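All remarks here apply to the structure that follows.
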Amino acid sequence: MSRAVEANFDGLVGPTHNYGGLSEGNLASARNEGLTSSPRAGVLEGLAKMKRLADSGLVQGLIPPHERPYLPLLRQAGFSGSDEAVIEAAWKTAPGLLRKTSSASPMWAANAATVSPSADTADRRLHFTPANLLTTLHRSIEGRQTRRALQWAFPDRQRFEVHDVLPMQPDFADEGAANHVRLCAEQGGPGVEIFVYGREAGEAWSGKFPARQTLEACQAVARAHGLDPARTVFIRQSEAAIEAGAFHNDVVCVGTRTTLFFHEKAFANRQGALDAIRRVADGLFEPDFVEVPEAEVAIGDAITSYLFNSQLLEWPGEDRLVLVAPAETEETASTRAYCAAMTAGNGPIGRVEFVDVRQSMRNGGGPACLRLRVVLTEAERAAVSPNALMTDALYARLVEWAQRHYRESLAPNDLADPALLRESREALDALTQILGLGPDFYPFQRG
Ligand code: SUG
């Protein structure tokens with residue numbers, strides 16, 4: 001068995017970060033529609049979180065933001081003329097569409113792709129399937145650029161396979177790692193892969209909010225990654241969780257190593273789910289289930305506080321896991337009390353650390369949404385593009401870059417400002433230099 005670590009690749013918040021109210025079923029996104037955002041505060045919060053983890057000795061990487069507003073979609077929708085004319089006309093006649101092409105949603109890297117470590121795959125390569133995110137228009141435009149970004153960060157085809165997105169059709173609705181958990185005895189050894197879906201293809205869906213992941217999408221990813229069916233399990237999310245605002249499973253569940261931390265109402269068939277996980281783990285490890293009962297933390301509180309949308313980490317130098325939770329978890333009475341009691345006990349989670357990612361949280365993105373986990377052996381780690389890994393020097397350069405290029409505040413009407421397009425492109429051109437992304441990484445650079 002090779003030694004391996006779980007690295008985190010965070011999505012860098014883009015210059016157009018705003019509150020568009022674009023995600024049905026994501027309660028924070030709906031609640032905060034129309035607020036004025038701070039793209040600069042957003043990117044700096046994300047960078048501070050990355051720095052905190054890197055400083056602790058964890059492997060921390062980053063994924064570059066996408067080009068927004070995304071003119072190719074506006075042109076596909078019939079707008080023409082100069083870029084400025086396209087923005088002006090779109091704002092006048094289809095402002096909702098302009099908002100959808102302006103979202104900085106690629107920051108939520110947990111939705112970038114599903115990732116299977118090489119220890120789990122038939123060809124012993126590390127596999128990525130970028131998510132098609134087809135349930136929402138504003139996110140359905142991410143997949144191709146995400147694939148490019150992953151190929152930049154993980155360039156070695158001998159070791160890494162970055163698949164194409166699944167077909168852009170509702171039967172294959174896929175939201176990536178936000179609906180996927182890997183448990184294992186050791187990161188470098190074989191693991192079990194848990195896929196969580198909200199509905200099956202062809203099923204009449206009568207839920208209040210969309211179910212964004214299908215069983216068929218999960219099965220397709222598992223096949224493409226060459227996973228062992230005996231170590232793979234497909235679990236259905238509960239409709240109650242989706243209705244309460246768990247638009248992704250990672251809003252009510254997180255796991256690492258042998259620990260699964262989840263809300264009592266997360267799964268449609270709770271006992272069946274736990275039995276299935278035990279069965280696929282049999283012979284490898286005994287799962288540690290940390291189940292949070294509704295009586296202690298009501299699902300509504302779990303969702304507003306984002307208790308489960310936390311990073312569950314093996315922190316260097318600590319013998320129990322650390323939960324990196326959003327500040328909102330500390331500010332919600334029930335989750336604060338739960339965390340205090342949990343860490344005072346002798347379970348697998350020994351400490352909770354709170355981080356401020358409020359700009360992202362107001363759009364329904366907690367610490368766990370902002371990162372894509374990639375288990376890397378030492379050889380794989382050495383094959384990652386060095387520019388994709390956080391260092392003190394890169395952090396300092398990115399803070400300076402963000403302060404120079406990002407607006408302090410962005411009100412809804414500012415999306416109509418053609419200067420925002422120019423500023424964003426200047427920011428991405430400068431980032432291209434800093435990260436060595438190459439001359440044609442962004443569509444606008446390709447002309
Ligand atoms: O897909 N919000 C994102 C949040 C994604 C959170 N990711 C995970 N749970 N892993 C979404 O709903 C809102 C954008 C807006 O309304 O402006 C948004 O896309």
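Listed conditions (1) within 15 Å of the ligand (Cβ to nearest atom); (2) under 30 Å from residue 116 (Cβ atoms) are all met by residue 15, apart from (2). Of all residues in region 290-316, those satisfying the criterion of being in contact with a Lys or Arg (Cβ under 9 Å, 6 or more places away or on another chain) and either open to solvent by 40 Å² or more (accessible area, probe 1.4 Å) or touching a residue at least 60 places away in the same chain (Cβ under 8 Å) (or both) are 291, 294, 311, 314, 315. A residue that is among the hydroxyl-bearing types (Ser, Thr, Tyr), within 17 Å of residue 276 (Cα to Cα) and open to solvent by 20 Å² or more (accessible area, probe 1.4 Å) can be found somewhere in region 197-218. On inspection, residue 330 qualifies as open to solvent by 60 Å² or more (accessible area, probe 1.4 Å) and outside any loop (DSSP other than H, G, I, E, B). Total residues in region 102-129 satisfying the condition of being outside any loop (DSSP other than H, G, I, E, B) and away from the ligand (no atom under 14 Å from the Cβ): the figure is 9.
Pairing each residue of region 236-254 that is over 19 Å from residue 136 (Cα atoms) with any residue that is within 12 Å of the ligand (Cβ to nearest atom) and among the aromatic types (Phe, Trp, Tyr), provided the two are 6+ apart or on different chains, yields C-beta distances under 8 Å for 252/308; 253/308; 254/308.
Among the residues of region 138-195, those that are in contact with a strand residue (DSSP E or B) (Cβ under 9 Å, 6 or more places away or on another chain), under 23 Å from residue 365 (Cα atoms) and free of Cβ contacts under 8 Å to residues at least 40 places away in the same chain comprise 143, 144, 147, 165.
For residues in region 136-164 being under 16 Å from residue 73 (Cβ atoms) and either away from the ligand (no atom under 16 Å from the Cβ) or β-branched (Val, Ile, Thr) (or both), which is most open to solvent (accessible area, probe 1.4 Å)? Top of the filtered list is 144. Which residues, taken from region 62-82, are outside any loop (DSSP other than H, G, I, E, B) and either open to solvent by less than 40 Å² (accessible area, probe 1.4 Å) or farther than 28 Å from residue 401 by Cα (or both)? The answer is 62, 63, 71, 73, 74, 75, 76. Could you please let me know if residue 426 is out of contact with any helix residue (DSSP H, G or I) (no Cβ under 8 Å at 6 or more places or on another chain) and of a type in the set (Asp, Glu)? Criteria not met by residue 426. With respect to the stated conditions, residue 378 fails to be more than 16 Å from the ligand (Cβ to nearest atom), modelled with pLDDT of 95 or more and under 21 Å from residue 326 (Cα atoms).
Residues that are within 19 Å of residue 140 (Cα to Cα), more than 12 Å from the ligand (Cβ to nearest atom) and not polar (S, T, N, Q) within region 174-214 comprise 174, 197, 198, 199, 201, 211, listed in sequence order.
Looking at region 350-372, is at least one residue in a strand (DSSP E or B), modelled with pLDDT of 95 or more and within 14 Å of the ligand (Cβ to nearest atom)? Checked against the condition, which is being in a strand (DSSP E or B), modelled with pLDDT of 95 or more and within 14 Å of the ligand (Cβ to nearest atom), region 350-372 yields at least one hit. One residue alone among 385, 424 is among the polar types (S, T, N, Q), open to solvent by less than 40 Å² (accessible area, probe 1.4 Å) and out of contact with any Phe, Trp or Tyr (no Cβ under 7 Å at 6 or more places or on another chain), and that residue is 424. Filtered by the rule that a residue be in a strand (DSSP E or B) and over 20 Å from the mean Cα position of the chain (by Cα), region 152-191 gives 184, 191. For residue 408, the conditions (1) within 16 Å of the ligand (Cβ to nearest atom); (2) surrounded by fewer than 17 Cβ atoms within 10 Å (Cβ to Cβ) are fulfilled apart from (1).
Rundown of residues vs (1) within 23 Å of residue 236 (Cβ to Cβ); (2) β-branched (Val, Ile, Thr); (3) modelled with pLDDT under 95, yes/no style:
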| site | (1), (2), (3) |
| --- | --- |
| 116 | yes, no, no |
| 119 | no, no, no |
| 127 | no, no, no |
| 169 | yes, no, no |
| 180 | yes, no, no |
| 192 | yes, yes, no |
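For region 40-61, the set of residues classified as basic (Lys, Arg) and open to solvent by 10 Å² or more (accessible area, probe 1.4 Å) consists of 40, 51, 52, listed by residue number. With respect to the conditions (1) under 20 Å from residue 446 (Cα atoms); (2) open to solvent by 10 Å² or more (accessible area, probe 1.4 Å), residue 96 lacks only one, and its number is (1).
The values are calculated or read from the model by the stated rules, or taken from the named source; none is laboratory data. What you are looking at is a predicted structure, and each value in this text was computed from that prediction instead of being measured. Reconstructed Cβ throughout: ideal geometry from the backbone, glycine too, with neighbour counts over all protein chains shown. Note: areas computed on protein heavy atoms with side chains; ligands, DNA, RNA excluded. Shrake-Rupley method; radii C 1.70, N 1.55, O 1.52, S 1.80 Å.
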